[in-house]
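Trainee: Can you read through this structure? Questions will come right after.
Please treat every number below as a calculation from the coordinates, not as lab data. Everything numeric here is computed off the predicted structure, so don't read it as measured data. Glycine also receives a Cβ, built like all others from the backbone with ideal geometry; neighbour counts cover every protein chain displayed.
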Amino acid sequence: MASLIESAWKFLISHFSDFQLACLGSFFLHESVFFLSGLPFILLERAGWLSKYKIQAKINSPEAQERCILRLVLYHFGVNLPVMIFSYPVFRFMGMRSSLPLPSWKVVLTQIIFYFILEDFVFYWGHRVLHTKWLYKHVHSVHHEYATPFGLTSEYAHPAEILFLGFATIVGPAITGPHLLTLWLWMVLRVLETVEAHCGYHFPWSLSNFLPLYGGADFHDYHHRLLYTKSGNYSSTFTYMDWIFGTDVGYRKLKALKNVGIEENSKEKKQW
Ligand SMILES: [Zn+2]
Ligand SMILES: [Zn+2]
């Protein structure tokens, strides 16, 4: 496996320059993972499949979905791509490389865990700031236009927010100067995680059922369906920041009520 990845990497670096891989390669990888993981949820919503796992009863109109996709393509080319190009010298300066040998899996794993923790921390505070009156009205309300999220809405935001919260995603790699392969892996995992958080479905196989401290769709969906001053659940990945700072009180209450409801239901069934 390791040698297979190494020979694939060898092929890439012998056919493309470091700049091409870091900027255009990253952009292409991001677009592929984002749309391939997000589009199935649009189809699920339109076809009504697996609807019993849908968190909210409300569904988005095809027009609302298409408007989201169009804006995303525009922002990806107009904001994300230039950011990737202009931040390239910073990453190079901090030691990012694409050459062989590839880093050991221990280094890759440690860096990615660090990125997740740091991103969640920075995102939490940045997101709380975005929920103050002026910033919400002029910037963050764009992301909240979709009170019923569907996968692709994860990156639907005001360009200023893309830059502001995008900082949370790139600060970890920017200060550690990882191998490009690690950066790609981080990007793929982060995209899959945020698409899942916005997918609108809570399945029996959802990661949050198995991973303690992981938020997932149920956690972030709550953030979208409530009024901006009452929403809470500001974290991107984990649940502990909201728990420490008491911004998940409403969500916990609702969950406790639901659990009581489930227990009562099963008691009733047993009596029958
Ligand atoms: Zn928000
Ligand atoms: Zn969101």
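Trainee: Counting every Cα pair in segment 124-272, what percent are over 21 Å apart?
Mentor: 50
Trainee: At a Förster radius of 41 Å, what calculated FRET efficiency corresponds to the Cβ-Cβ distance of TRP205 and SER99, to the nearest 0.05?
Mentor: 0.60
Trainee: Between ILE69 and ILE244, what is 0.36 nm times their sequence separation minus the Cα-Cα distance? Round to one decimal in nm.
Mentor: 59.4 nm
Trainee: Right, here's the next one. Report, to the nearest 10°, how far helix 249-271 tilts away from the longest principal axis of the Cα atoms in the chain, using its own Cα long axis and a range of 0 to 90°.
Mentor: 50
Trainee: As I understand it, the value is the acute angle between the Cα axis of helix 159-176 and the longest principal axis of the Cα atoms of the chain; what does it come to in degrees, rounded to 10?
Mentor: 60
Trainee: Still on this structure: Within a Cβ distance under 12 Å of HIS131, other residues only, what is the Lys/Arg minus Asp/Glu net charge?
Mentor: It works out to a net charge of +3.
Trainee: Between LYS137 and ILE85, what FRET efficiency comes out of the Förster formula 1/(1 + (r/R0)^6) with R0 = 25 Å and r the beta carbon distance, rounded to 0.05?
Mentor: 0.20
Trainee: Taking +1 at the Cβ of each Lys and Arg and -1 at the Cβ of each Asp and Glu, which of ASN259, VAL188, HIS140 sits farthest along the dipole of the chain towards its positive end, judged by Cα position relative to the Cα centre?
Mentor: Of the listed residues, the answer is ASN259.
Trainee: Could you give the angle, 0 to 90 degrees to the nearest 10, between helix 2-15's Cα long axis and the longest principal axis of the Cα atoms of the chain?
Mentor: Here the helix axis deviates by roughly 60 degrees.
Trainee: Let me ask something else. Can you list the HN-Hα couplings for segment 188-197, worked out from phi with the Karplus curve (6.51, -1.76, 1.60; θ = phi - 60°), rounded to whole Hz and with x for Gly and Pro?
Mentor: 4, 5, 5, 5, 4, 5, 6, 5, 5, 5
Trainee: In percent, how large is the relative contact order of segment 2-271, given Cα pairs closer than 8 Å and 6 or more residues apart?
Mentor: Computed value for segment 2-271: 23 percent relative contact order.
Trainee: Suppose the chain between LEU109 and LEU43 were pulled fully straight at 0.36 nm per residue; how much longer would it get relative to their current alpha carbon spacing?
Mentor: Full-extension gain reported as 20.4 nm.
Trainee: Can I ask one more? What is the ratio of the Cα radius of gyration of segment 2-271 to 2.2 N^0.38 Å, with N the residue count, to two decimals?
Mentor: Against the compact-globule rule of thumb, the ratio is 1.08.
Trainee: Please go through the residue pairs LYS54/LYS258; LYS137/LYS258; LYS137/LYS255; LYS58/LYS133; LYS58/LYS230; LYS52/LYS133 and name each one whose alpha carbons sit more than 25 Å apart in this structure.
Mentor: Listed pairs above 25 Å: LYS137/LYS258; LYS137/LYS255; LYS58/LYS133; LYS52/LYS133.
Trainee: When we measure straight from the Cα of LYS253, which aspartates and glutamates land under 18 angstrom away, once same-chain ones fewer than 8 places off are left out?
Mentor: Cross-link targets: ASP218, ASP221, ASP242, GLU263, GLU264.
Trainee: Continuing with the same structure: Report the per residue volume, in Å³, of the convex hull enclosing the C-alpha atoms of segment 1-58.
Mentor: Here the figure is 138 Å³ per residue.
Trainee: What whole number of Å gives the distance from the Cα centroid of segment 182-253 to the Cα centroid of segment 1-69?
Mentor: 19
Trainee: Hey, another quick one. Going through segment 1-104, which chymotrypsin sites (Phe, Trp or Tyr not before Pro) have at most 15 other Cβ atoms within 10 Å and a DSSP loop state?
Mentor: Filter output for segment 1-104: PHE16, TRP49.
Trainee: Follow-up. Among SER208, SER141, rank each residue by its count of other Cβ atoms within 10 Å, from fewest to most, as a rough exposure measure.
Mentor: Ordered by Cβ neighbours within 10 Å, fewest first: SER141, SER208.
Trainee: Something else: State to the nearest 20 debye the size of the charge dipole of the chain about its Cα centre, where the only charges are +1 on K and R beta carbons and -1 on D and E beta carbons.
Mentor: The dipole of the chain has a size of about 500 debye.
Trainee: Next question. Among LEU226, LEU70, LEU39, which residue has its Cα positioned farthest towards the positive end of the charge dipole of the chain, with +1 placed on the Cβ of Lys and Arg, -1 on the Cβ of Asp and Glu, and the dipole taken about the Cα centre?
Mentor: Positive-end residue among those listed: LEU226.
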